[in-house]
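Asks: Sharing a structure below in structure tokens format, with a few things to ask.
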Amino acid sequence: MPPVPESQRTPFLALAALLISGSCSPGESSPDETAVDLPSSLSVASPDRPIRDMDVVEESSEAVANRMVDFSDKLRRRDFEAALAWLAPGFVGHAFAPLEGAEVDDLPVGARRTRYDTTTAPIVERHGFLEAIRERIGAWERVETVVWKVKGAEFQSVLPPWGRVRFKVSFQGTAAGGGPASIEAWGFARTERGGGQWLMSEFELESLFETTRPAYLFTEVSTGVGLARTGIRFGKPGNQSFAWNGAAAGDVDGDGLVDIFVPSPRANHLYMARGETGFVDEAVRSGIAHPAGGTGAVFFDMDNDGDQDLALADVGWTEPDGRLSGNRLRLWVSERRSAQADLRFEERGESLGFKLAHGYSLTVFDAEQNGFLDVFVANYGRVEAHPNNSWIQATNGTPNQFYTNVFEADGTRFVEVAEARGLIDTSWSYASAAADIDVDGDTDLYVANDYGVNHLWINGGKGVFENQAEVFGISDLGNGMGASFGDLNNDAQLDLYVSNMSSTAGRRILGRLAQKDDRWTQLVKMAAGNTIFFADEKGFERVPSEKGGIGGSWAWNSNLFDLDLDGRLDLYCCSGFVTGDTPADT
């Protein structure tokens with residue numbers, strides 16, 4: 001649902017302005033406000049006559065969620081006086097501060113996590129509630145995000161309506177002193193609809209954790225090193241929706257430094273590393289700036305001549321009348337003949353055998369063990385033209401392609417052989433990762449599919465494949481966006497991290513359903529988020545969610561690397577969705 005219109009907020013905001021007139025601070029009572037009798041204990045009651053109609057319950061849940069978006073924004077701006085308008089005049093609740101009985105856990109890389117005893121939380125009226133939040137975040141150098149997330153709700157079938165809502169409350173920012181800080185709290189609120197708006201009248205605090213570190217691990221330096229680039233503003237007329245779609249890294253000029261290629265719809269960028277002086281964009285000079293655009297890129301030495309070539313996927317298709325639309329699969333061949341020669345690329349995808357493809361990502365590996373790298377194209381589908389035919393197991397995606405790397409008499413370098421090698425598939429494939437899963441000496445392929453189960457293509461030798469995802473226990477139903485292999489538990493076996501988009505609203509709705517059959521189980525998995533699999537003697541075993549590492553929200557691809565150099569792999573998962581200044585601008 002869209003946020004509540006400003007016109008509907010006006011009457012209550014006028015009343016709120018009257019109530020807080022006189023410039024009283026959140027910690028003080030307005031002289032015109034009736035004193036609130038504070039109870040000795042507080043527990044938000046559940047409805048004794050709950051609404052059973054799913055549509056009504058979810059509509060109310062979304063209305064509360066939208067209302068809290070603006071409340072979150074007021075807290076992010078630390079405009080506590082304005083935030084009063086979201087709390088009923090008779091509000092009572094557990095304060096976020098002061099809390100006693102703190103237990104501190106030392107975390108990796110110098111971080112500390114403080115767990116507070118919420119049974120010691122004082123019960124306060126609405127000014128004291130906001131003053132306690134001020135005590136928590138008021139001294140921060142910066143408040144980056146505040147989110148009041150509706151994780152569950154039930155509503156009473158009376159007028160005026162009210163409900164018991166479970167919230168996850170998150171604050172993230174920079175603490176006094178310059179280090180990162182975050183607060184996570186869980187609690188129940190009584191929300192009441194009055195004056196055309198939902199207001200909180202009670203808040204029961206369940207838990208509160210605060211995580212800090214003396215300083216940030218990373219410093220943002222893209223402007224200083226020459227990598228900053230302003231993309232296309234989303235939503236403007238005539239602009240394409242996506243400006244940046246991945247990147248490729250490799251030592252393009254053989255100087256021992258890692259260079260970076262970034263495609264974009266207007267012009268591609270090739271950032272050449274220059275040591276301490278940063279990066280210089282050599283895309284135009286090297287001939288790689290145009291044709292522009294791409295969704296997935298990878299550097300690899302396609303002809304074994306010692307330098308890095310570049311394969312680039314993008315969205316391209318053939319119209320019914322035979323016209324080419326979009327952008328075809330590209331192959332940029334390095335034409336640099338010596339270390340002293342200028343860097344130069346030539347796009348030769350069509351002449352070297354790359355067919356038109358609707359590619360979203362690329363994986364290169366030597367499938368046939370002949371010393372030459374082959375190319376797998378995860379092709380997804382054209383959702384704007386032919387939407388997915390299922391949310392559980394879509395089968396109308398553009399067929400994936402597999403290009404074997406060979407020499408032909410006519411000069412063709414790559415031949416598309418997906419069907420012959422057993423890799424033909426019309427799932428909505430988004431990403432893939434190659435590794436020797438069955439430890440037999442050849443390379444296998446795992447493919448993450450949107451709207452369905454993933455596939456594990458086991459290489460039977462010489463690049464002929466069979467899907468054995470169910471045999472190995474890693475079919476992983478979900479909205480698959482990425483996959484990464486690595487030894488996550490240091491047992492000398494390759495484990496698997498799968499990125500899946502998750503849905504809080506989906507989990508909330510599914511939790512209300514009385515019928516919990518196989519279909520329900522499938523939908524719960526679709527909404528669950530990322531998955532970790534540990535390899536064992538039988539194949540793979542799914543790691544329980546309480547072990548952590550899976551909360552990637554709207555997740556995309558991931559990377560595994562030892563961030564703190566302690567000998568254990570850590571996880572980085574890219575996530576997010578296009579939004580504006582506040583979550584309401586999505």
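Asks: Show me, for region 483-496, the HN-Hα J-couplings you get by feeding each phi into the Karplus relation (A = 6.51, B = -1.76, C = 1.60, θ = phi - 60°), rounded to Hz, glycine and proline as x.
Replies: 8, 9, 9, x, 7, 7, 10, 6, 10, 6, 10, 7, 9, 10
Asks: Something else now. Using the Karplus curve 6.51 cos²θ - 1.76 cosθ + 1.60 with θ = phi - 60°, work out ³J(HN,Hα) for each residue of region 443-460 in order, rounded to whole Hz, and write x for Gly and Pro.
Replies: My calculation for region 443-460 gives 9, 9, 9, 10, 10, 8, 10, 6, 6, x, 7, 8, 10, 10, 8, 7, 7, x Hz in order.
Asks: I'd like the Karplus ³J(HN,Hα) series for region 269-280: coefficients 6.51, -1.76, 1.60, θ = phi - 60°, whole numbers in Hz, and an x wherever there's a Gly or Pro.
Replies: These are the phi-based 3J(HN,Hα) values: 10, 10, 8, 8, 6, 10, x, 5, 7, x, 10, 10 Hz.
Asks: Would you mind checking which residues have amide H under 5 Å from Gly152's amide H? H placed 1.01 Å from N; only 5 or more apart, or other chain.
Replies: Amide H neighbours of Gly152, under 5 Å, 5+ apart: Arg166.
Asks: How about region 436-515: which trypsin sites (Lys or Arg not before Pro) there are in a DSSP loop, with at most 12 other Cβ atoms within 10 Å of their Cβ?
Replies: Of the trypsin sites (Lys or Arg not before Pro), the ones in loops of region 436-515 whose Cβ has at most 12 other Cβ atoms within 10 Å are Lys462.
Asks: Charges only on Cβ, +1 for Lys and Arg, -1 for Asp and Glu: so what's the dipole of the chain about the Cα centre, in debye to the nearest 20?
Replies: 2020 debye
Asks: Roughly to the nearest percent, how much of the accessible area of the chain is carbon and sulfur, given a 1.4 Å probe?
Replies: 51 percent
Asks: Based on the Cβ-Cβ distance of Arg344 and Ala420, what FRET efficiency does E = 1/(1 + (r/R0)^6) give at R0 = 35 Å, to the nearest 0.05?
Replies: With a Förster radius of 35 Å, E is 0.50.
Asks: DSSP loop chymotrypsin sites (Phe, Trp or Tyr not before Pro) in region 529-582 with at most 12 other Cβ atoms within 10 Å of their Cβ, which ones?
Replies: Phe577
Asks: OK, next. Taking 25 Å as R0, compute the FRET efficiency from the Cβ-Cβ separation of Glu541 and Asp438 and round it to 0.05.
Replies: 0.95
Asks: Give me the extension gain from Lys462 to Gln393: residue separation times 0.36 nm, minus the current Cα-Cα distance, reported in nm with one decimal.
Replies: 21.9 nm
Asks: Over the chain, what is the relative contact order in percent, taking alpha-carbon pairs closer than 8 angstrom and at least six residues apart?
Replies: Relative contact order comes out at 7 percent.
Asks: Now a separate question. Compare His290, His127 by solvent-accessible area with a 1.4 Å probe and give them largest first, with all protein chains kept in place.
Replies: Final ranking, largest accessible area leading: His290, His127.
Asks: Given 0.36 nm per residue, what is the gain on full extension from Arg112 to Thr145 after removing their alpha carbon distance, in nm?
Replies: That works out to 9.9 nm of additional length.
Asks: Rolling a 1.4 Å sphere over the protein heavy atoms, what is the accessible area per residue of the chain, to the nearest Å²?
Replies: That works out to 48 Å² per residue.
Asks: In Å, what is the Rg of the alpha-carbon atoms in region 337-493, and how long is Dmax?
Replies: Rg then Dmax for region 337-493, in Å: 16.9, 55.
Asks: Mind listing which trypsin sites (Lys or Arg not before Pro) in region 73-177 are in a DSSP loop and have 13 or fewer other Cβ atoms within 10 Å?
Replies: Filter output for region 73-177: Arg77.
Asks: What relative contact order, as a whole-number percentage, does region 456-586 give when Cα pairs under 8 Å and 6 or more residues apart are counted?
Replies: 23 percent
Asks: Suppose each label sits 7 Å from its Cα in the direction of the beta carbon; what would the Trp244-Ser170 distance come out to in nanometres?
Replies: Computed distance between label sites Trp244 and Ser170 equals 2.0 nm.
Asks: Using amide H atoms built in the peptide plane, which far-off residues or other-chain residues are under 5 Å from Ala88 H to H?
Replies: Sorted by chain and number, the residues that satisfy this are Met200, Ser201.
Asks: May I pose another question? Treat each spin label as a single point 7 Å out from the Cα along the C-beta direction, and report the Ser325 to Gln369 distance in nm.
Replies: 4.5 nm
Asks: Could you pull the accessible area for Val143 with a 1.4 Å probe, rounded to 10 Å²?
Replies: Around 10 Å² of this residue is reachable by solvent.
Asks: Placing +1 at every Lys and Arg Cβ and -1 at every Asp and Glu Cβ, with all other atoms neutral, what dipole size does region 271-397 have around its Cα centre, in debye to the nearest 20?
Replies: Charge dipole, region 271-397, about its Cα centre: 320 debye, nearest 20.
Asks: A further question follows. Using a 10 Å Cβ count of at most 10 others and DSSP loop calls, identify the longest part of the chain lacking such GluC sites (Glu not before Pro).
Replies: Within the chain, the longest run free of exposed GluC sites (Glu not before Pro) spans 1-219.
Asks: For region 155-306, take the convex hull of the Cα atoms, compute a quarter of its surface area, and give me that in nm², please.
Replies: 16.9 nm²
Asks: Then there is this: Go ahead and estimate [θ] at 222 nm for the chain from helices alone: -39,500 (n - 2.57) per DSSP H run with n ≥ 4, summed, over the residue count, rounded to 500.
Replies: Computed ellipticity for the chain at 222 nm equals -4000 deg cm²/dmol.
Asks: In the set (1) 17, 45, 30, 8, 0; (2) 17, 44, 35, 4, 0; (3) 17, 41, 32, 10, 1, which value of P(r) over Cα pairs in 20 Å bins from 0, in percent was calculated from the structure you see?
Replies: (1)
Asks: Can you give the extra length, in nm with one decimal, that the chain gains between Ala492 and Asp410 once fully stretched, where that is 0.36 nm per residue apart less the Cα-Cα distance?
Replies: 25.0 nm
Asks: List the relative contact order of region 388-449 as a percent without decimals, with contacts defined as Cα pairs under 8 Å and 6+ residues apart.
Replies: So the answer I get is 28 percent.
Asks: If you project the alpha carbons of region 423-571 onto their three principal axes, what span does each projection cover, largest first, in Å?
Replies: 49, 41, 26
Asks: Mind scanning Lys462/Lys547; Lys149/Lys516; Lys151/Lys538; Lys74/Lys516 and naming the pairs with a C-alpha gap bigger than 32 Å?
Replies: Table pairs above 32 Å Cα-Cα are Lys462/Lys547; Lys151/Lys538; Lys74/Lys516.
Asks: So how tilted is helix 6-19 from the main axis of the chain? Cα-based, degrees 0 to 90, rounded to 10.
Replies: 40 degrees
The values are calculated or read from the model by the stated rules, or taken from the named source; none is laboratory data. None of the values given here were measured: they were computed from a predicted structure. Neighbour counts run over all protein chains shown; Cβ positions are idealised from the backbone, glycine included. To get the accessible areas, we keep the full protein, side chains included, count just its heavy atoms, and leave off ligands, DNA and RNA. Shrake-Rupley method; radii C 1.70, N 1.55, O 1.52, S 1.80 Å.
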